[in-house]
Amino acid sequence: MRLYKKFLDGVPEYLARYYWWAYLWRWSIWFFDHQPVINAILFGQYNNLLKKTLAQIERNPAAKLLQLTCVYGKLTPALLSGTAGEINLCDAATGQLQLARRKTRHVADRCHLARMNAELLGYRNDAFDQVIVFFLLHEMPADARRNTYLEIARVVRPGGSVLITEYAATPQRHLLYRFAPFRWLLARLEPFLMGFWQEDVGAELCGALKQNGKALDGEPDIEHCFAGFYRIMRFNLAARQA
């Protein structure tokens, strides 16, 4: 039996096959949640990306926020510190949810955890004022991304927003991308990134919103980081017309 099959346990097959070593193995969960490790993976840009993401968070105490899947590092505690409201957090991996709970015990009453696949959320339509997605989409195959866009569009309310922090479009002029050994290594570690680089995130999200009877309100707010290697995108939804 292939090693990854030991980690399936209800998670998506692609997650166990390609990322067991990063998100499902208990020793990797311990290792990767150290701040110096996370910062190194993001080429020293973690704090900058976190700061720019937090600047776009909906801070109305009455707002309902969804963080779509757990992430290593300080994001979830920082979200809870930056707003007086409640945050819902879902992930397909039990180990990731357990890690998130350990980091949020002091505000457990405001952090609601649920085990869910991002492709099939158990929340009602229009449940959230803001959906936050931090470095998730590039780790999904194309069909899983399409399903996730549809679920995001379904659960975010008209007048709400979607906040996505991710790799930017193919960074052809970036020094890292032009270094062939780096591209080879990244393709080995991130097998779906090459497809994501070619994807128009705005167009995909707009199409998903349209299928759910929703639309964007103007152009997205996009801020780039690390010479265009990463980007923070906030998509504001139009209020539903009476």
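The values are calculated or read from the model by the stated rules, or taken from the named source; none is laboratory data. Since the model is a prediction, treat every value here as computed from it, not as a measurement. Please note: Cβ atoms are built from the backbone with ideal geometry, for glycine as well, and neighbour counts cover all protein chains shown.
Only one of 93, 114 is buried (at least 21 other Cβ atoms within 10 Å of the Cβ), within 21 Å of residue 139 (Cβ to Cβ) and aliphatic (A, V, I, L, M). Can you tell me which? Give the derivation first.
Numbers: 114 fails: buried (at least 21 other Cβ atoms within 10 Å of the Cβ).
Unique residue meeting the criteria: 93.
Taking region 32-64, which residues are free of Cβ contacts under 8 Å to residues at least 40 places away in the same chain, outside any loop (DSSP other than H, G, I, E, B) and among the basic types (Lys, Arg)?
The one that is free of Cβ contacts under 8 Å to residues at least 40 places away in the same chain, outside any loop (DSSP other than H, G, I, E, B) and among the basic types (Lys, Arg): 51.
So residue 3 passes all but one of these: (1) touching a helix residue (DSSP H, G or I) at 6+ places or on another chain (Cβ under 8 Å); (2) over 16 Å from residue 119 (Cβ atoms); (3) surrounded by 12 or more Cβ atoms within 10 Å (Cβ to Cβ). Which condition number does it fail?
Going through (1) touching a helix residue (DSSP H, G or I) at 6+ places or on another chain (Cβ under 8 Å); (2) over 16 Å from residue 119 (Cβ atoms); (3) surrounded by 12 or more Cβ atoms within 10 Å (Cβ to Cβ) one by one, residue 3 breaks only (3).
For region 55-64, enumerate the residues that are surrounded by fewer than 18 Cβ atoms within 10 Å (Cβ to Cβ), of a type in the set (A, V, I, L, M) and under 16 Å from residue 109 (Cα atoms).
Residue satisfying the conditions is 62 alone.
Would you be able to tell me the number of residues in region 65-82 that are crowded, with 19+ Cβ neighbours inside 10 Å and either among the charged types (D, E, K, R) or without any contact (Cβ under 8 Å) to a residue 40 or more places away in the chain (or both)?
Step one: list which residues in region 65-82 are crowded, with 19+ Cβ neighbours inside 10 Å, which gives 65-73, 75-76, 79-80.
Still in the list and also either among the charged types (D, E, K, R) or without any contact (Cβ under 8 Å) to a residue 40 or more places away in the chain (or both): 70, 76, 80.
Residues that pass the stated criteria total 3.
For region 137-146, indicate whether the set of residues that are closer than 27 Å to residue 86 by Cβ, modelled with pLDDT under 95 and not hydrophobic (A, V, I, L, M, F, W, C) is non-empty.
No.
Take the residues in region 1-20 that are over 17 Å from residue 94 (Cβ atoms) and not in a loop (DSSP other than H, G, I, E, B), then tell me which one is modelled with the lowest pLDDT.
Within region 1-20, the first condition is being over 17 Å from residue 94 (Cβ atoms), and the residues that meet it are 1-3, 14, 17-18.
Add one more test, that the residue is not in a loop (DSSP other than H, G, I, E, B), and what stays is 3, 14, 17-18.
Details: 3: 92, 14: 98, 17: 96, 18: 97.
Filtering region 1-20 for residues that are over 17 Å from residue 94 (Cβ atoms) and not in a loop (DSSP other than H, G, I, E, B), the one modelled with the lowest pLDDT comes out as 3.
Going by the conditions given, is residue 124 more than 14 Å from the chain's Cα centre (by Cα) and either modelled with pLDDT of 95 or more or polar (S, T, N, Q) (or both)? If you could, list the steps in order and put the result at the bottom.
On the way: more than 14 Å from the chain's Cα centre (by Cα): yes; either modelled with pLDDT of 95 or more or polar (S, T, N, Q) (or both): yes.
Spelling it out, residue 124 is indeed more than 14 Å from the chain's Cα centre (by Cα) and either modelled with pLDDT of 95 or more or polar (S, T, N, Q) (or both).
Since residue 29 meets every condition but one in (1) under 25 Å from residue 151 (Cα atoms); (2) touching a residue at least 40 places away in the same chain (Cβ under 8 Å); (3) outside any loop (DSSP other than H, G, I, E, B); (4) not acidic (Asp, Glu), which condition does it not meet?
Tallying (1) under 25 Å from residue 151 (Cα atoms); (2) touching a residue at least 40 places away in the same chain (Cβ under 8 Å); (3) outside any loop (DSSP other than H, G, I, E, B); (4) not acidic (Asp, Glu), residue 29 fails exactly one: (1).
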